[in-house]
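In what follows, a structure is listed as structure tokens, so that the remarks can point back to it.
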Amino acid sequence: MTRWTSKPIWNKVIGHGAMMVATIVCAMSGRPALAQHLYASGNATDNQPKEISLDKPLQYKLEMQGSLSKGRTPLWLNANKHGLSSLKEANGYMRAAVERPLSTDSMRRWGVGYGADIVAAAGYDSHFLVQQAYVEARWLHGVLSAGSKETPMELKNNRLSSGSQTLGINARPVPQLRLALPQYWDVPGTNGWLHFKGHLAYGITTDDRWQKDFTGGEQSHTENVHFHSKAGYLKVGKENCYYPFSLEAGLEMAALFGGKCHVRKDDGSIVTHEGESGLAAYWHALKPAGHDAEEDTYQNVAGDLMGSWVARVNYDADTWKLSFYADKFFEDHSAMFQLDYDGYGSGEEWMDKKRSRYLIYNFKDMLLGVELAFKYDHLIRHVLLEYIYTKYQSGPIYHDHTPPLADHIGGDDNYYNHHLYRGWQHWGQVMGNPLYRSPAYNDDGTITVKNNRFKALHFGIDGGSGPLEYRFMATCQEGAGTYQDPYHHSHHNLSVMAEASWHFNTGKLCGWSVKGACGMDIGGILGNNYGAQFTIARQGILNQRHRK
């Protein structure tokens, strides 16, 4: 049950979205001072081509995958694949994708890109999937896109990390309109030391039918829910002067709002709550404000809002790079700022703020990681280790102040769950870190994250030699369930995955690749699962012969 309280502290963050939009618009403007690094970065030249061909060159990818398991599909054969996965014992798909990437127009001030990614599946919730379908346009550094597109995580290794806690790669993409600075842009007047990137997006979820089928209409579910995300990242460093240290830090925020929330009551009945609509709903998602339909005396902001403070420190040597990073998740203003207002009066003044008094929370819940990367063709290319702790959640007690009790304790944040919206998930998979047990694992038809209090140690390594590449991931996890529904005793889980692939780079098979992987889960969180996965793919350029 996510609860945000509309307090003056939000005045500190009211301008975040507006500032991101203003910065992106400035970067997209044609003023020379703001586009100072455009030509150096290769996004435009004075001799840019006169004509543009929107039908070429087109990149294509054909892929076929099959999985066989005893039990469910093991975690790391299923997770962090943008939702293109299934837990069923036998599953597979055939996939065809075509794309005109924006990089095709890298020598122009403006560019156009589009893509379509279609999947025919067996053993999935749907037999036909539109995984991606989008169009996008770039002017200088700014990119405007519309549709469903797989977006990578920021400040983390997308192949080896356990995942971001807010904007992860575990669930199917949400169709959205997105305005972004996808690459770092040099902030004018900082002599190349300060850089910015970020995005602002609105969309709508597409899993209404899945939710109704999964719950049988007898459990809480939602429909026509809207999606919002925003993020901004600052980088301090001057890599082109061979200065080895750099610091990246940012704020990621997201929200589910609007639509209809069908909530199951204790007597088994379903009550429907209408979410906010119109421009006010979009504004209240951008600037946390408003309140949900059933709230009266104690009004929190509308919708399900969450986010992460993220940071990464890098040391960039000639042949290797060492990074330390952190991801501090919050689903409540108390966890965002680590303090809560606790200076209310009593009696008739119980709603009045009488004193300058705050409750300071422990700084426990966080993902911490270290990554070592080798820059050239090494048998070992990346090694990372992550530690994740989520058991605190501002404490086990939640209560608002009352006339006889002035103390206000804002704990029990219940990560990834919400009392109206069915939590931070899409098509049954959490949209953040998959170590939070996704609703797709539930056998009782409830859309809820049943293990959000845990600690885990995650290890990843990859590398290769020539056409051979490999990847290995292992995670040890200890879970406590949730504050509302705790495990009677700690549950443990071990998830392991080993993968090898071969890329044919010459001869008649050039462009083909094969990949095999095996994985397992052992323990009480995900159960005992053993499985193998095989993938064959071909990629290339559709109309390469027509290129000049």
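The values are calculated or read from the model by the stated rules, or taken from the named source; none is laboratory data. Here the structure is a predicted model, which is why all the values come from computation and not from measurement. Virtual Cβ from ideal backbone geometry, glycine too; neighbours counted across all protein chains shown. For the accessible areas, the whole protein counts, side chains as well, though only heavy atoms, and no ligand, DNA or RNA atoms are used. Shrake-Rupley method; radii C 1.70, N 1.55, O 1.52, S 1.80 Å.
Details
- Matching residues, region 229-275, being closer than 22 Å to A311 by Cα and either without any contact (Cβ under 8 Å) to a residue 60 or more places away in the chain or of a type in the set (K, R) (or both): K230, L234, K235, V236, K238, N240, Y242, Y243, A255
- Exactly one residue out of L54, L34 is at pLDDT below 85 and in contact with a helix residue (DSSP H, G or I) (Cβ under 7 Å, 6 or more places away or on another chain), and it is L34.
- So A44, is it hydrophobic (A, V, I, L, M, F, W, C), modelled with pLDDT under 95, open to solvent by less than 70 Å² (accessible area, probe 1.4 Å) and under 30 Å from G192 (Cα atoms): yes
- Residue match in region 472-491 (condition: surrounded by fewer than 17 Cβ atoms within 10 Å (Cβ to Cβ) and within 23 Å of K61 (Cα to Cα)): no
- Beta carbons closer than 7 Å, at least 6 apart along the sequence or on distinct chains, pair a first residue in region 509-523 that is assigned to a loop (DSSP other than H, G, I, E, B) with a second that is open to solvent by 30 Å² or more (accessible area, probe 1.4 Å) and of a type in the set (K, R) for G511/R538.
- When residues of region 192-225 are limited to those that are touching an Asp or Glu at 6+ places or on another chain (Cβ under 9 Å) and in a strand (DSSP E or B), the one farthest from E150 (Cα to Cα): L194
- When region 201-251 is filtered for residues that are hydrophobic (A, V, I, L, M, F, W, C) and open to solvent by 10 Å² or more (accessible area, probe 1.4 Å), the ones remaining, listed by number, are I204, W210, F214, F227, L234, V236, C241, F245, L247, A249, L251.
- Each residue in region 252-267 was checked for being modelled with pLDDT under 90 and either among the aliphatic types (A, V, I, L, M) or open to solvent by less than 50 Å² (accessible area, probe 1.4 Å) (or both), and 0 pass.
- Within region 157-167, considering residues that are open to solvent by 20 Å² or more (accessible area, probe 1.4 Å) and either of a type in the set (A, V, I, L, M) or touching a Lys or Arg at 6+ places or on another chain (Cβ under 9 Å) (or both), the one nearest to F330 (Cα to Cα): L167
- Only listed residue being over 19 Å from Y60 (Cα atoms), in contact with a strand residue (DSSP E or B) (Cβ under 7 Å, 6 or more places away or on another chain) and surrounded by fewer than 20 Cβ atoms within 10 Å (Cβ to Cβ), chosen from A122, A171, A133: A122
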